[in-house]
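Any read-out appearing in this document is the output of simple, stated calculations on the displayed coordinates, not a laboratory observation. Just so you know, these numbers come straight off a predicted model, no measurement behind them. Note that each Cβ is placed from the backbone with ideal geometry, even for glycine, and that neighbours are counted across all protein chains shown.
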Protein chains: 2
Amino acid sequence: MSRRRPIAAALPAEPLDPAQIAGQVIDGDCIAVMRRLPDACVDMVFADPPYNLQLAGPLHRPNNSRVAAVEDDWDKFADFAAYDAFTHAWMAEARRILKPAGTIWVIGSYHNIFRVGAALQDLEFWILNDVIWRKTNPMPNFRGRRFTNAHETLIWAARDARSRYRFNYKALKQLNDGLQMRSDWLLPICSGPERLKDDDGRKAHATQKPLALLYRVLQAASAPGDLVLDPFFGTGSTGVAAKALGRRFIGIERDPGHVALATSRIAAAPDAADPRLLGGDGFEREPRIAFGLLVETGLLAVGDALVDRTGRHRVRVRADGLVEAGRGRSQAIGSIHQMGVKASGGPSCNGWVFWHVRRPDGTLEPIDGLRQHLRAEIARGRDAAADDHDDDDGDDRMVDEAGDADLTTYPEQPVS
Amino acid sequence: MSRRRPIAAALPAEPLDPAQIAGQVIDGDCIAVMRRLPDACVDMVFADPPYNLQLAGPLHRPNNSRVAAVEDDWDKFADFAAYDAFTHAWMAEARRILKPAGTIWVIGSYHNIFRVGAALQDLEFWILNDVIWRKTNPMPNFRGRRFTNAHETLIWAARDARSRYRFNYKALKQLNDGLQMRSDWLLPICSGPERLKDDDGRKAHATQKPLALLYRVLQAASAPGDLVLDPFFGTGSTGVAAKALGRRFIGIERDPGHVALATSRIAAAPDAADPRLLGGDGFEREPRIAFGLLVETGLLAVGDALVDRTGRHRVRVRADGLVEAGRGRSQAIGSIHQMGVKASGGPSCNGWVFWHVRRPDGTLEPIDGLRQHLRAEIARGRDAAADDHDDDDGDDRMVDEAGDADLTTYPEQPVS
DNA sequence: CCGGGGACTGAATCAAAAC
DNA sequence: TGTTTTGATTCAGTCCCCG
């Protein structure tokens, strides 16, 4: 594990077991390390690649102090062609190791983000959003020659156009005070105690990203237990955020100094709180209720009439969980959704909210109300069982058998 | 002018005189039309090219109403390669007709903006900013499968890296309540009475841009009288904004219906207000004052002492407009700026704010105060002269000789 | 191309001084 | 000692223009 890199590079690349190295920072070039990982083994990739800033000379503030620039060798490329080749190479590996339902996030500025976005599209990633990180406190433009460069851009993309990716819609809506999360995020830059300093008090890394940004990324597009890979790990903000949110991670970093720093930083970082509080969506898909269950449980009886909101359309409940309309030759049979499409003429229909039962007082109640009633009953029964289980087993770790009580909240929690 | 397009295309392309066609909407393919324009003839290009949205099927809202999408043929491309070829073709022509100091603006969404940005860089445009148009009222994401796509991206680029482009810094700072204008702009989408409708009450163009966006673009990077070209003119918002701000324009549009609509819209649009109110920067560079003029006018006397803010450094005023420090062998002579650099040790120094005179009450006043005093006196003299001139010649048009009074405000107003 | 004039910064954090 | 004010420092930077 502490072999010198020249020797390691000369050896045939041994395969890496993702489960084994989860939680570690791997020292090495990200392309070489990713090559040692199997196909389709990670749920998400977060990448903060070099921006290729192409800075010319020194820049001074009006008070003559000098602006600390990114002068590291890792940000130097001969030209756009070299940058494009590098980008295609790491991105192709990232796509190979990504699960079919996985997504990738890449952050950049106008210096590189257009190369990055075009490369993603050329590799047949499917862009889902570009997200703007608006900085509350950007560096001003000192010479008054451009607009204050007050944002960076993240691209979020699925492995391909047909990917069934994860998006924790309701959790992010909650994070945004009940409104859909937008594609522009307002967050401060990384400074103060969060900003890592070296022994001389200088910043340890030129481009450390704020944890708040990574929290939001992970909350949006991963579930607890997911494996997240960061090929440009730096000081390990992705690892700290992953640890806090109960996600597993693999970090790859080329600079041994940063590897050591990130490793100790993550060791000292707080662990996940009770994973039940971290939710994938926090609002996972509710367990499915077959319409027929309403009949079986007696909430509806065979022959009961369902009507639409206007009362113009009307179907009768059947014993097989379908509904029928009309009689004789004009009779039609189908699911509540199919018959809703027929009645409404629209391209699709949620039968649960389209069809209603008439209450004794004559008012209409959507059959979704009956479904919610049934779900609540089922949940009550499961909670009782889960409480028994918790009493048996009092610690905080995830239950091994993915007990029913947690299933609703964490359907994709791996069984380790 | 009303030739049918197939015939026009078969004829040899006649050159177009930019001054002649300024203010017109040219019916035709933008690449073909730009080819007929001479090199380096326009000051700015604003382009809202097809976004290549790649929409699959129709999208419906939860209430089953259908979302009006961009379904026009002009937005259909076979693949990314076709879109890239198209983009390179029109952009190369745009660069050719752009003046060396000219800039280009291109607006797009994540569907196309990465192709656009990469093409700009490949053609050796030099990106100055990417600007985010944040929409106050974006269309929500109806399926809850992504973030609300709440922004579009504009790229602002100079013709090349060494270009001396125009940026009306102070005017935009003013627009932003005295703070530097940032790269994220919050503006409503185009709706209400501003949104053009056809006879059936449907929107006349799928992607009409708000005038406020174009006002800001033109105010930022053009001067009154500048010639602005829009190769994808649509319903002509660029023309309406240009007219209101006293800029000249050329519009190119392929769809004859849109050409007719834009032409009549612009004819009905309000004309520029008094051009003196439209400013290039509104705050053009102040006339230069030689330090020696302070001595010649008696505001300073030979031998007067100038000190820095702390009082630690001290120079004496000479008759030749230089200042000197020390005596004998250690004596140093130079401009106020050069001696400021010596005293401060910084890489540069504005002597006008570095050096101070001591007032009778003992407080320090920067010599910039004396300069402002002198400038005000000079301006008063010029205003008086200009008033005499205005009396002779009472209309509102720009004076032919670019009279001194207007020179400060509109140095680049063409005489045409 | 060189030399020189001179224009140009916002929010956050933290330390030190002032009250 | 507690509180407020002031000043210094810092942040992914493609950062001048004219003769």
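Miscellaneous remarks
- Net charge in the neighbourhood of A:LEU59 (other residues with Cβ under 15 Å of its Cβ; Lys, Arg +1, Asp, Glu -1) is +4.
- Shielding of A:114-122 by partner chains, average beta-carbon count, 10 Å: 6
- Listed residues A:LEU261, A:LEU294, A:LEU172, most fluctuating in chain A (Gaussian network, C-alpha, under 10 Å): A:LEU294
- Placing a pseudo-label 7 Å from each Cα along the Cα-to-Cβ vector at B:THR136 and B:ASN176 gives an inter-label distance of 1.9 nm.
- Between the listed residues A:ALA69, A:CYS190, A:PRO224, the Cα displaced farthest toward the positive end of the dipole of the protein assembly as shown, a dipole computed from Cβ unit charges relative to the Cα centre, is found at A:PRO224.
- Set of segment B:124-152 residues, backbone N closer than 18 Å to the point 7 Å along the Cα-Cβ line of A:ASP79: B:124-127
- Distances in nm from B:ALA260 to the matching label points in the other copies, shortest first (labels 7 Å along Cα to Cβ): 7.7
- Here is how the number arises for chain A: DSSP H runs of 4 or more residues each give -39500 (n - 2.57), the sum is divided by the residue count, and the result at 222 nm is -9000 deg cm²/dmol.
- DSSP bridge orientation in the protein assembly as shown - percent antiparallel, rounded to nearest 5: 60 percent
- Each label point was placed 7 Å from the Cα along the Cα-to-Cβ direction; for B:ALA267 and A:ASP274 their separation is 7.3 nm.
- Among beta bridges identified by DSSP and lying wholly in chain A, the antiparallel ones come to about 60 percent.
- Position B:PHE142, label points 7 Å along Cα→Cβ, spacing to each other copy in nm (shortest first, one decimal): 5.1
- From least to most packed, judged by other beta carbons within 10 angstrom and beginning with the fewest, A:HIS205, A:HIS337 follow the order A:HIS337, A:HIS205.
- Taking amide H as placed 1.01 Å from N in the peptide plane, the amide H of B:ILE252 sits under 5 Å from that of B:ILE26, B:ASP230, B:PHE232, B:PHE233, each at least 5 places away or on another chain.
- Spread of Cα-to-Cα distances over 5 Å intervals beginning at zero, given as percent, for segment A:136-276: 2, 8, 15, 19, 19, 17, 11, 6, 2, 0, 0
- Rounded to the nearest whole angstrom, the semi-axes of the ellipsoid equivalent to chain B, taken from the Cα gyration tensor as √(5λ), stand at 51, 26, 21, largest first.
- A straight line joining the Cα centroids of segment B:108-146 and segment B:359-376 runs 49 Å.
- Using the Cα coordinates of the protein assembly as shown, the gyration tensor eigenvalues translate into equivalent-ellipsoid semi-axes of 58, 40, 26 Å, sorted from longest to shortest.
- Segment A:68-227: radius of gyration and largest Cα-Cα distance (Dmax), Å: 17.2, 50
- Given A:LYS170/A:LYS342; B:LYS76/B:LYS197; A:LYS135/B:LYS135; A:LYS197/A:LYS243, the pairs whose alpha carbons are separated by over 28 Å: A:LYS170/A:LYS342
- Pairs of alpha carbons in segment B:217-348 whose separation is greater than 19 Å (percent): 66 percent
- Exercise: per-residue mean of other protein chain Cβ atoms within 10 Å, A:143-156: 6
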